[in-house]
Amino acid sequence: MASFGKKLRECRENKSLSQSEVAKLLGTNHSIIGKYERDEVKPTIDVVKKLADTLDTTVGYLLGESQDQNILKDPSMLKRLNDIISFPSEDREHILYTLDALIKNVKLKSL
């Protein structure tokens, strides 16, 4: 799994931004962005949130919780997840059980 710094650099380069440009957008010095990218310094969660917003990705992606930097940027997926989380526990469990079965079926077909 890629480190925070590697993911940060990847996202920054995908947006065609320099370290200085990201630093300016965050109101900090470019040298700290370099330290983040080299994994010499770990940012606070507030800074990670600002970086994610600036680089149009998610905190989860930067922190390694997701392999897809846009997974929670899809409005239709977010709406579905918000709907599911609002349901009563028993209904939520049934939906997730069914969803897990469908996902497993699709994965098995692709083997």
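Just a few scattered comments:
- Histogrammed with a bin width of 5 Å, the alpha carbon distances of segment 72-111 distribute as 5, 22, 19, 21, 20, 9, 3, 0 percent, first bin at zero.
- With all pairs of different C-alpha atoms in the average, the Kirkwood value for the hydrodynamic radius of the chain is 16.1 Å.
- 14 Å beta-carbon shell around Ile33, net charge (K/R +1, D/E -1): +4
- Highest-fluctuation residue, Leu99, Leu55, Leu81 considered, GNM on the chain with Cα pairs under 10 Å: Leu99
- Semi-axes of the equivalent ellipsoid for segment 19-65, Cα gyration tensor, largest first, Å: 16, 13, 8
- In degrees, nearest ten, helix 45-54 long axis to first principal axis of the chain (Cα): 90 degrees
- Between helix 89-109 and the chain: long-axis angle, C-alpha atoms, 0 to 90°, nearest 10: 80 degrees
- Exposed loop sites were defined as GluC sites (Glu not before Pro) in DSSP loop states (anything but H, G, I, E or B) carrying at most 12 other C-beta atoms within 10 Å; in the chain the longest segment without such a site runs 66-111.
- Per residue accessible area in Å² of the chain, where ligands, DNA and RNA are left out and the probe is 1.4 Å: 71 Å²
The values are calculated or read from the model by the stated rules, or taken from the named source; none is laboratory data. The shown structure was predicted, so the numbers you read here are calculated from the model rather than taken from an experiment. As a convention, Cβ positions derive from the backbone with ideal geometry for all residues, glycine included, and neighbour counts pool all protein chains shown. Remember, those area values only see protein heavy atoms, side chains included, never the ligands or the DNA or RNA. Shrake-Rupley method; radii C 1.70, N 1.55, O 1.52, S 1.80 Å.
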